[in-house]
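The values are calculated or read from the model by the stated rules, or taken from the named source; none is laboratory data. The model shown is predicted, which means the values in this text are computed figures rather than measured ones. In this analysis, Cβ positions are derived from the backbone assuming ideal geometry, glycine residues included, and neighbour counts consider all displayed protein chains.
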Amino acid sequence: MTGSRVAGKTALITGAAGGLGQAMARMLVREGARVALSDLDLNGARALAEAINAEHPDMAFAYEHDVTREDDWVRVVGAAVEDMGGLSILVNNAGIGGQLLWAEQDTLENWRKVQAVNLESVMLGCKHAMAPLRASGAGSIVNISSIAGLAAAPGMGAYNATKAAVWLYTKTVALEAAKAGWNVRANSVHPVFIKTPILDPFIAMAGGDEANAHEKLARGIPLKRIGEPDDVAYCVLYLASDESKFVTGAEFKIDGGLTAQ
Ligand SMILES: NC(=O)c1ccc[n+]([C@@H]2O[C@H](COP(=O)([O-])OP(=O)(O)OC[C@H]3O[C@@H](n4cnc5c(N)ncnc54)[C@H](O)[C@@H]3O)[C@@H](O)[C@H]2O)c1
């Protein structure tokens, strides 16, 4: 089934080879957008682009992209604009969990790596995509934070810090764009546990028993389950579309009721 909720729009999705990125890419294309799929994992991004193009010809493009590198951002944004004929949506999605370490055990190496991939990347993306987003006439930035940016958990200090910073930084960018009179909106999305490879460390902690790990992760969630990638992709679709044209500087929790408690 195809629709037209983002027909004619052009999206750059980072970390597109991963669990959430793939779901977002497929959903945006199904609703009419062209997508630039960037990832450190070029083979993964290419495989996704090929699968999408087999069904929807010329809608997906793949790029190798280390989101921690400014020169990569300049190259990828330029190529995406050229290949898609513009850029109207940026989804800063690439991210890593880092090591689960309490403050006393954490290392600067782990801390800096998580900051670079999860936070500095968002700054670089907003900086280098802003000009084409403005030029599009109706730009939308969607930054993928986490419920871990709004609530802390032991062992997740580096991750908590990056995702909290993404939450507030998104509002800064939203206010700057509004103040300048650009039609560019910025919002953040805060998922709780969603079934993607980023949960692998939790499965390893459960001795490789995936069902058991998911059941443990679901325990504190009022809806008593963890999320599916499409639960997040539907929110990104709304924020990417003009349906959300009066929504900026806001945060969207996809958390099964966790933070309502
Ligand atoms: N899955 C969850 O439970 C969950 C919950 C809350 C937030 N998130 C956030 O959602 C986003 C997507 O996560 P996911 O669950 O799809 O994870 P994932 O591990 O499936 O995918 C992450 C992708 O990012 C890519 N990546 C890693 N480092 C990169 C770099 N330096 N440059 C470019 N790409 C890089 C990886 O290659 C991978 O394809 C992340 O920002 C994550 O923090 C996920």
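Taking the conditions exactly as written (in contact with a helix residue (DSSP H, G or I) (Cβ under 8 Å, 6 or more places away or on another chain) and surrounded by 20 or more Cβ atoms within 10 Å (Cβ to Cβ)), does A103 satisfy them or not? Before the answer, list the steps.
Values: in contact with a helix residue (DSSP H, G or I) (Cβ under 8 Å, 6 or more places away or on another chain): yes; surrounded by 20 or more Cβ atoms within 10 Å (Cβ to Cβ): no.
When the stated conditions are applied, A103 does not pass them.
Mind checking whether some residue in the stretch 171-180 is touching a residue at least 40 places away in the same chain (Cβ under 8 Å) and either in contact with an Asp or Glu (Cβ under 8 Å, 6 or more places away or on another chain) or within 16 Å of the ligand (Cβ to nearest atom) (or both)?
The first filter runs over the stretch 171-180 and keeps only residues touching a residue at least 40 places away in the same chain (Cβ under 8 Å), leaving 171, 173-175, 177-178.
Add one more test, that the residue is either in contact with an Asp or Glu (Cβ under 8 Å, 6 or more places away or on another chain) or within 16 Å of the ligand (Cβ to nearest atom) (or both), and what stays is none.
Looking through the stretch 171-180, none of the residues is touching a residue at least 40 places away in the same chain (Cβ under 8 Å) and either in contact with an Asp or Glu (Cβ under 8 Å, 6 or more places away or on another chain) or within 16 Å of the ligand (Cβ to nearest atom) (or both).
Can you name the residue in the stretch 53-70 that is surrounded by fewer than 24 Cβ atoms within 10 Å (Cβ to Cβ) and away from the ligand (no atom under 13 Å from the Cβ) and, of all such residues, is nearest to I96 (Cα to Cα)?
Looking at residues that are surrounded by fewer than 24 Cβ atoms within 10 Å (Cβ to Cβ) and away from the ligand (no atom under 13 Å from the Cβ), I get F61.
Can you tell me which of (1) within 10 Å of the ligand (Cβ to nearest atom); (2) more than 23 Å from W102 (Cβ to Cβ) is the one D231 doesn't meet?
Exception for D231: condition (1).
For the list (1) buried (at least 22 other Cβ atoms within 10 Å of the Cβ); (2) of a type outside the set (F, W, Y); (3) at positive phi, I need the number of the one condition that G137 fails.
Of (1) buried (at least 22 other Cβ atoms within 10 Å of the Cβ); (2) of a type outside the set (F, W, Y); (3) at positive phi, only one is false for G137: (1).
Closer than 18 Å to V232 by Cα, of a type in the set (A, V, I, L, M, F, W, C) and within 10 Å of the ligand (Cβ to nearest atom), is that true of A11? It would help to see each step written out before you state the result.
Working: closer than 18 Å to V232 by Cα: yes; of a type in the set (A, V, I, L, M, F, W, C): yes; within 10 Å of the ligand (Cβ to nearest atom): no.
Against the criterion (closer than 18 Å to V232 by Cα, of a type in the set (A, V, I, L, M, F, W, C) and within 10 Å of the ligand (Cβ to nearest atom)), A11 does not qualify.
Can you tell me which residue within the stretch 1-32, out of those that are over 21 Å from V122 (Cβ atoms) and among the aliphatic types (A, V, I, L, M), is farthest from the chain's Cα centre (by Cα)?
M1
W167 versus (1) touching a Leu at 6+ places or on another chain (Cβ under 7 Å); (2) over 21 Å from A94 (Cα atoms): which is the lone unmet condition?
Every condition holds for W167 apart from (2).
If only one of A17, A45 is near the ligand (Cβ under 9 Å from one of its atoms) and in a loop (DSSP other than H, G, I, E, B), which one is it? Don't jump to the end; show me each part of the working.
Details: A45 fails: in a loop (DSSP other than H, G, I, E, B).
Exactly one of A17, A45 is near the ligand (Cβ under 9 Å from one of its atoms) and in a loop (DSSP other than H, G, I, E, B), namely A17.
Quick one: which helices (runs of 4 or more DSSP H) sit completely within the stretch 179-261 and have at least 3 residues that are surrounded by fewer than 18 Cβ atoms within 10 Å (Cβ to Cβ) and over 17 Å from the mean Cα position of the chain (by Cα)?
Working: elements: 200-205, 210-218, 229-240.
Hits in the stretch 179-261: 200-205, 210-218.
Among the numbered conditions (1) part of a helix (DSSP H, G or I); (2) surrounded by fewer than 20 Cβ atoms within 10 Å (Cβ to Cβ); (3) free of Cβ contacts under 8 Å to residues at least 60 places away in the same chain; (4) over 16 Å from the mean Cα position of the chain (by Cα), tell me where L168 comes up short.
Of the numbered conditions (1) part of a helix (DSSP H, G or I); (2) surrounded by fewer than 20 Cβ atoms within 10 Å (Cβ to Cβ); (3) free of Cβ contacts under 8 Å to residues at least 60 places away in the same chain; (4) over 16 Å from the mean Cα position of the chain (by Cα), the odd one out for L168 is (4).
Just need a number here: residues in the stretch 22-42 that are under 20 Å from L239 (Cβ atoms), assigned to a loop (DSSP other than H, G, I, E, B) and of a type in the set (D, E, K, R). Lay out the reasoning, then the answer.
So the first thing to find is which residues in the stretch 22-42 are under 20 Å from L239 (Cβ atoms), and the list is 22-38.
Narrowing further to those that are assigned to a loop (DSSP other than H, G, I, E, B): 31-33.
If we keep only those that are of a type in the set (D, E, K, R) as well, we get 31.
The number of residues fulfilling the criteria is 1.
Those residues that are in contact with a strand residue (DSSP E or B) (Cβ under 8 Å, 6 or more places away or on another chain), within 12 Å of the ligand (Cβ to nearest atom) and within 26 Å of G257 (Cα to Cα), I need them from the stretch 99-152; list them, please.
Correct list: V142, N143, I144, S145, S146, I147, A148, G149, L150.
Which residue, of P191, P197, P229, is in contact with a Gly (Cβ under 9 Å, 6 or more places away or on another chain) and at pLDDT below 95?
Working: P191 fails: at pLDDT below 95; P229 fails: at pLDDT below 95.
Being in contact with a Gly (Cβ under 9 Å, 6 or more places away or on another chain) and at pLDDT below 95 holds for just one of P191, P197, P229, which is P197.
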